[in-house]
Amino acid sequence: MFVVLEGIDGCGKTTQARRLVEEFEKRGREVLHLHEPGGTVLGEKLRSLILTPDANVEIHSRAEALLYSAARAELVRTVLEPALEDGKWIVCERYYYSTLAYQGYGLGEDPGLLHSLSAYATQMLKPKRVLLLDVDPERALNRVGKNLDRIESRGPEYMHRVREGYHLLSRREPERFRIVDATKSVDEVSAQVMEHMADVLS
Ligand SMILES: Nc1ncnc2c1ncn2[C@@H]1O[C@H](COP(=O)(O)OP(=O)(O)OP(=O)(O)O)[C@@H](O)[C@H]1O
Ligand SMILES: [Mg+2]
């Protein structure tokens, strides 16, 4: 089982991933909780490079898409594939849908090329389910607080485009995507998440 949590910054991915891992463990599964970019030595270095605001490091949107994809390629090859082969269950915060939404819809990079890049990085490995935690950017950025990373600093207008991008992606793959109302309390969101997992868990 490979499940991905997606959504704009501050929507509740980390919170809900932890809940989901607990639920799976209760069912006796061995679960790996991963986040993107990261989950490997290279990935964590790239994460820090991409997300830490640093006036001396300029990253153009194309380079940004490639850096995320490099981290993803490493994660897929060295962690995801072996874990799935071992029968482990995986809960991953973000996957290539983030690249399509953030660098594609958000920054205007070519969606077709980003699809090809993502296919190359993931070798077409797709999750069973994508849970899209949907919340308005104002509320989400409010949750994040004051210490914004480089991406969060792009502000609410950018996040609106990213959110819209996620909605378009979800309409393209209705069997894989489920939209979760993430404006609700942590418990209520968690209950929705489990409902949206019911068919793939049975
Ligand atoms: N349903 C909720 N209602 C209110 N606050 C929430 C909810 N879910 C998470 N939070 C709080 O909002 C903040 C952001 O949540 P979380 O870190 O889970 O989001 P995230 O999507 O992982 O963010 P990021 O994209 O920055 O990693 C945290 O302080 C968390 O406790
Ligand atoms: Mg998080």
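The values are calculated or read from the model by the stated rules, or taken from the named source; none is laboratory data. Note that the structure is predicted; figures quoted are calculated from it, not measured. Every residue, glycine among them, receives a Cβ derived from its backbone with ideal geometry; neighbour counts consider all protein chains shown.
Observations on the model:
- Criterion: surrounded by 13 or more Cβ atoms within 10 Å (Cβ to Cβ) and in contact with a Leu (Cβ under 8 Å, 6 or more places away or on another chain) - qualifying residue of H196, H160: H196
- For the condition closer than 17 Å to V3 by Cβ, within 19 Å of the chain's Cα centre (by Cα) and surrounded by 14 or more Cβ atoms within 10 Å (Cβ to Cβ), A83 qualifies.
- Checklist (1) out of contact with any Ser or Thr (no Cβ under 8 Å at 6 or more places or on another chain); (2) within 26 Å of V21 (Cα to Cα); (3) buried (at least 18 other Cβ atoms within 10 Å of the Cβ) applied to G145, failing item: (3)
- Residue within the stretch 152-163 that is at pLDDT below 95, out of contact with any helix residue (DSSP H, G or I) (no Cβ under 9 Å at 6 or more places or on another chain) and within 15 Å of ligand 1 (Cβ to nearest atom) present: yes
- Boolean, S98 is touching a residue at least 60 places away in the same chain (Cβ under 8 Å), buried (at least 22 other Cβ atoms within 10 Å of the Cβ) and either part of a strand (DSSP E or B) or small (G, A, S) (or both): yes
- Within the stretch 168-182, the residues that satisfy the criterion of being surrounded by 15 or more Cβ atoms within 10 Å (Cβ to Cβ) and of a type outside the set (F, W, Y) are L169, S170, R176, R178, I179, V180, A182.
- Taking the listed residues S118, S98, the one that is more than 12 Å from ligand 1 (Cβ to nearest atom) and of a type in the set (G, A, S) is S118, with no other qualifying.
- Only one of the listed residues (E74, E44, E58) is assigned to a helix (DSSP H, G or I), away from ligand 2 (no atom under 16 Å from the Cβ) and either more than 14 Å from the chain's Cα centre (by Cα) or of a type in the set (D, E, K, R) (or both). That residue is E74.
- Which listed residue is away from ligand 2 (no atom under 16 Å from the Cβ) and in contact (Cβ under 8 Å) with a residue 12 or more places away in the chain, from L113, L84, L20: L84
- Cβ separations smaller than 8 Å between residues 6+ apart or across chains give the following pairs from the stretch 178-195 residues that are small (G, A, S) to residues that are assigned to a strand (DSSP E or B) and at pLDDT 95 or above: A182/L133; A182/D134.
- Qualifying residues in the stretch 23-38 (those that are part of a loop (DSSP other than H, G, I, E, B) and within 11 Å of ligand 2 (Cβ to nearest atom)) - the one nearest to A65 (Cα to Cα): E36
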